[in-house]
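Q: First the structure, then my questions, so here it is.
The values are calculated or read from the model by the stated rules, or taken from the named source; none is laboratory data. Since the model is a prediction, treat every value here as computed from it, not as a measurement. We place every Cβ from the backbone using ideal geometry, glycine too, and count neighbours over all the protein chains shown.
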Amino acid sequence: MMKVRLMLTCLCDAFYGEVGIATVKVLEHVGCQVHFDARQTCCGQPPFNAGDWKAAKQVAERCRSLFEGNDPVVTPSASCAAMVREGFKMLGVEPEVPVFELCQFLRNVAHVERWQALPNQRRVAFHRSCHGRMLGLGSTQEDLLRLVGNLEILPLNETEQCCGFGGAFSVTHGNTSKGIGQQKLSQIVASGATEVVGGDMGCLMHLQGLAERLGVPLQFSHVASVLGDAL
Amino acid sequence: MNPFDAFVRNLDPATGKSVHDASATKTQQRIDTLSAVFPDPESARSAAARTRQYVLDHLKPLVLSLEEQCHKNGIVVHWARDAKEARSVILGLCRQSCRPGAVIVKAKSMATEEIHLNHALADAGYDVVETDLGEFVVQLDHDTPSHIVTPIIHKNRYQVARLFEENNIGTYTEKPEELTSQARRHLRTQFRRAEVGISGVNFAVAETGRLVLVENEGNSRLSTTAPRVHIAVMGIEKVLPSEADLPLFLRLLAGSATGQRATVYTHFIHGPRKPEALDGPDEVHLVILDNGRLDALAGPYRDILRCIRCGACLNVCPVYRQGSGHAYGHVYSGPLGAVLAPALEGVGLAAIAKASSLCGACEEVCPVKIPIPELLLHLRDQGVREKTIVDPIPWSGFVAVATRAYLWRTSLQAVPMAKLVPNPWSRHRHMPRRDGRDFRRWFRERA
């Protein structure tokens, strides 16, 4: 049985505990033994993106030392995984942490080729988070979801476009962030989907908050929850 | 609120729609064309990136070779350390050629925008006429370009029609072909009268001293051949090593910029008119502009000098699409401008590097693979260190909490309380809710 260490992410820690729970269930389903170090906090991405690298380095150093070792670290976020993999390098925080975004781990390390079907048919739009670019994620997450029965992924236009979240950008450039989010929501609505699936709660939190403010009736689900719902 | 976001807030919906629609169309055309032109667009980009990197690594010998070859071809080379020097060189050349009051035609050139040449020429009494359709509209409207390739991406044809009517260019029409004909008739008379033509340069070939210009309207051809004197202005980094590099770069530029397999016109300027030739200028001058580039070359943002000004990063950028180039407050806008402007003019401009969600779409489309998000992050770091970027709330409090597990947990418990006070998040969106169970408790209790 492979030992993996869960990096929960701040958003799942603060708001979306169910996504963390689904992540554990999914990992256990593929035969992993999941460890969770309760001392974990944040990877340091917010101050890193803001440009305060001195602050970022202190948080990143702590994160790195907490996840020292060779067992894979799995996180339900491309954003946090990209920070740990690429951001730490830029900060000079070394040695490297063996971090994986959840779907990347499931496909490339656990070699998942099959998945159960959902109890009910769901027609969803998939939102690619931008940090997947930095990880070379490509269509990994959608490929995994295509293994799930009773799940239809509808074609979405302008998939290369960001949702407008961008961490602190969403508050420092609130009007810009909102405008980008509205574009994304209108593409999602045009796809015919009533549910949006994504791999980063940052994007989904922003899009959901915006959809609720604008009265756009959409459901938002993390990819871990969708995989978990099928078990 | 920062100036960028304030600009976005105040942008009228018609302008926003023009910018969005044109950018989205160009983004799609780029993908379609590059995948049709290149068997493997990815390796084409890699090859172009390598060549441009080679140029930056060998800039001095390449530019000296360019100068020598130009000299052999009869092109007079001038050097300009900064914008002021460039303006005075160009003004000097104009004064040698014609009296104040004479018509000077200009083909589209970002380098001349960068040095604010038009004002200097107008102040000296010259009648400067922009001849690129977009630039012509910008000039008539006392506006500035909002995109480095498509300067009036922020305008629609109704606005152009009203502008032409007000300026007696033609009667109001909503047909793009008729508007174009009106501009063409007006500009033809200007070309006949012009005594000097000023252009930019897309590529200058070090091996042969040939200047390469691309365009779609024919105005560059007229600007560089009809007047007696042609002055070309180029940033020092625009050199390419050899003629053999051109097929790749011409296709990559046309595909990335406008989704074309090739631009309608491609000019190879070898020098002034030969005695037996029927037309062409008597003099060709090349002004090579530093204006911060050599400093940038020696600094942490040197990769941005690989840029070939295709504008693909502007088109794909979700942030650019919200504001147009005007939101950036600089001649160079979009992801490229957010790095190039501070790279050329100093970290005082670093705050513009914050106008990005760091989504990385720019790097994905860049024909020379400039790691723009990484450069933006470095700029933010330098800006914070040198205090040209100051966040409203210092990050020290966050560090104190995020480096102590017990403080972290206590703070997270309190996060949902944030909805009770007005905050910048909830100005535009509903606050997130705690959804279902708490992970830490669940994990503890199942053990």
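Q: Mind checking which residues of the stretch B:400-440 are in a loop (DSSP other than H, G, I, E, B) and among the aromatic types (Phe, Trp, Tyr)? Before the answer, list the steps.
A: Step one: of the stretch B:400-440, the residues in a loop (DSSP other than H, G, I, E, B) are B:403-404, B:421-438.
B:Trp425, the sole residue that qualifies.
Q: Another question, if that's okay. How many of the residues in the stretch A:97-116 are surrounded by fewer than 22 Cβ atoms within 10 Å (Cβ to Cβ) and assigned to a strand (DSSP E or B)?
A: Of the residues in that region, 0 qualify.
Q: Could you list, in sequence order, all residues of the stretch A:20-45 that are in contact with a helix residue (DSSP H, G or I) (Cβ under 9 Å, 6 or more places away or on another chain) and either free of Cβ contacts under 8 Å to residues at least 12 places away in the same chain or facing another protein chain (nearest Cβ under 8 Å) (or both)? It would help to see each step written out before you state the result.
A: Step one: list which residues in the stretch A:20-45 are in contact with a helix residue (DSSP H, G or I) (Cβ under 9 Å, 6 or more places away or on another chain), which gives A:20-27, A:29-30, A:32-34, A:36-45.
Selection gives A:Gly20, A:Ile21, A:Val24, A:Phe36, A:Ala38, A:Arg39, A:Gln40, A:Thr41, A:Cys42, A:Gly44.
Q: Moving to a separate point now. Give me the pairs: first residue in the stretch A:46-66 and more than 7 Å from chain B (Cβ to nearest Cβ), second residue surrounded by 24 or more Cβ atoms within 10 Å (Cβ to Cβ) and of a type in the set (S, T, N, Q), beta-carbon distance under 8 Å, and six or more apart or on different chains, which are they?
A: Every condition considered, the pairs that remain are A:Ala56/A:Gln45.
Q: Any residue in the stretch B:147-160 that is assigned to a helix (DSSP H, G or I) and farther than 23 Å from B:Asn118 by Cβ? So that I can check it myself, show each step before the final result.
A: Step one: list which residues in the stretch B:147-160 are assigned to a helix (DSSP H, G or I), which gives B:157-160.
Okay, now just the ones that are also farther than 23 Å from B:Asn118 by Cβ, so B:157-158.
Looking for residues that are assigned to a helix (DSSP H, G or I) and farther than 23 Å from B:Asn118 by Cβ, one finds at least one in the stretch B:147-160, hence yes.
Q: Consider only pairs whose beta carbons are under 6 Å apart and that are at least six residues apart or on different chains; among these, list those whose first residue lies in the stretch B:317-335 and is touching a residue at least 40 places away in the same chain (Cβ under 8 Å) and more than 13 Å from every other protein chain (Cβ to nearest Cβ) and whose second residue is polar (S, T, N, Q) and crowded, with 24+ Cβ neighbours inside 10 Å.
A: Partner pairs satisfying both residue conditions: B:Gly325/B:Ser146; B:Gly325/B:Ser333; B:His326/B:Ser146.
Q: Sticking with this one: Could you tell me which of the residues B:Pro416, B:Pro392, B:Pro422 is within 25 Å of A:Cys203 (Cβ to Cβ), more than 9 Å from every other protein chain (Cβ to nearest Cβ) and surrounded by fewer than 19 Cβ atoms within 10 Å (Cβ to Cβ)? It would help to see each step written out before you state the result.
A: Values: B:Pro416 fails: more than 9 Å from every other protein chain (Cβ to nearest Cβ); B:Pro392 fails: more than 9 Å from every other protein chain (Cβ to nearest Cβ).
Sole residue among the options that is within 25 Å of A:Cys203 (Cβ to Cβ), more than 9 Å from every other protein chain (Cβ to nearest Cβ) and surrounded by fewer than 19 Cβ atoms within 10 Å (Cβ to Cβ): B:Pro422.
Q: Is it fair to say B:Val55 is away from chain A (no Cβ under 14 Å), touching a helix residue (DSSP H, G or I) at 6+ places or on another chain (Cβ under 9 Å), surrounded by fewer than 18 Cβ atoms within 10 Å (Cβ to Cβ) and over 30 Å from B:Lys274 (Cα atoms)?
A: Details: away from chain A (no Cβ under 14 Å): yes; touching a helix residue (DSSP H, G or I) at 6+ places or on another chain (Cβ under 9 Å): yes; surrounded by fewer than 18 Cβ atoms within 10 Å (Cβ to Cβ): no; over 30 Å from B:Lys274 (Cα atoms): yes.
For B:Val55, the condition - away from chain A (no Cβ under 14 Å), touching a helix residue (DSSP H, G or I) at 6+ places or on another chain (Cβ under 9 Å), surrounded by fewer than 18 Cβ atoms within 10 Å (Cβ to Cβ) and over 30 Å from B:Lys274 (Cα atoms) - is not met.
Q: State all residues of the stretch B:339-377 that are surrounded by fewer than 19 Cβ atoms within 10 Å (Cβ to Cβ) and more than 8 Å from chain A (Cβ to nearest Cβ); if no residue qualifies, say none.
A: B:Glu345, B:Gly346, B:Gly348, B:Pro371
Q: Still on this model: In the stretch A:1-18, how many are small (Gly, Ala, Ser) and modelled with pLDDT under 95?
A: Pass one, the stretch A:1-18, residues small (Gly, Ala, Ser): A:14, A:17.
Narrowing further to those that are modelled with pLDDT under 95: A:14.
The qualifying residues number 1.
Q: On to the next question. Name the residue that is surrounded by the most Cβ atoms within 10 Å (Cβ to Cβ), counting only residues in the stretch B:244-269 that are outside any helix (DSSP H, G or I) and out of contact with any Lys or Arg (no Cβ under 8 Å at 6 or more places or on another chain). Spell out how you get there, then give the answer.
A: Within the stretch B:244-269, the first condition is being outside any helix (DSSP H, G or I), and the residues that meet it are B:259-269.
Pick out the ones that are also out of contact with any Lys or Arg (no Cβ under 8 Å at 6 or more places or on another chain) and you get B:260, B:263-264, B:266.
Values: B:Gln260: 18, B:Thr263: 20, B:Val264: 12, B:Thr266: 16.
Filtering first and then ranking leaves B:Thr263.
Q: If we keep just the residues of the stretch B:87-111 that are of a type in the set (A, V, I, L, M) and assigned to a strand (DSSP E or B), which is surrounded by the most Cβ atoms within 10 Å (Cβ to Cβ)? Let's see the steps before the verdict.
A: Applying the first criterion (of a type in the set (A, V, I, L, M)) to the stretch B:87-111 yields B:89-91, B:93, B:102-105, B:107, B:110-111.
Filter again for assigned to a strand (DSSP E or B), leaving B:103-105.
Values: B:Val103: 19, B:Ile104: 28, B:Val105: 26.
Top of the filtered list is B:Ile104.
Q: Based on what the data block shows, is B:Asp12 at negative phi, outside the structural domain of B:Gln260 (by TED's automatic domain parsing) and out of contact with any helix residue (DSSP H, G or I) (no Cβ under 9 Å at 6 or more places or on another chain)? Working first, answer last.
A: Values: at negative phi: yes; outside the structural domain of B:Gln260 (by TED's automatic domain parsing): yes; out of contact with any helix residue (DSSP H, G or I) (no Cβ under 9 Å at 6 or more places or on another chain): yes.
It is true that B:Asp12 is at negative phi, outside the structural domain of B:Gln260 (by TED's automatic domain parsing) and out of contact with any helix residue (DSSP H, G or I) (no Cβ under 9 Å at 6 or more places or on another chain).
Q: Hey, among the residues in the stretch A:141-158 that are of a type outside the set (A, V, I, L, M) and within 21 Å of A:Lys184 (Cα to Cα), which one's surrounded by the most Cβ atoms within 10 Å (Cβ to Cβ)?
A: Only one residue tops the list, namely A:Gln141.
Q: Out of the stretch B:319-338, which residues are in a loop (DSSP other than H, G, I, E, B) and surrounded by 24 or more Cβ atoms within 10 Å (Cβ to Cβ)? Spell out the reasoning first.
A: Kept after step one, since they are in a loop (DSSP other than H, G, I, E, B), are these residues of the stretch B:319-338: B:324, B:329-333.
Correct list: B:Ser324, B:Tyr332, B:Ser333.
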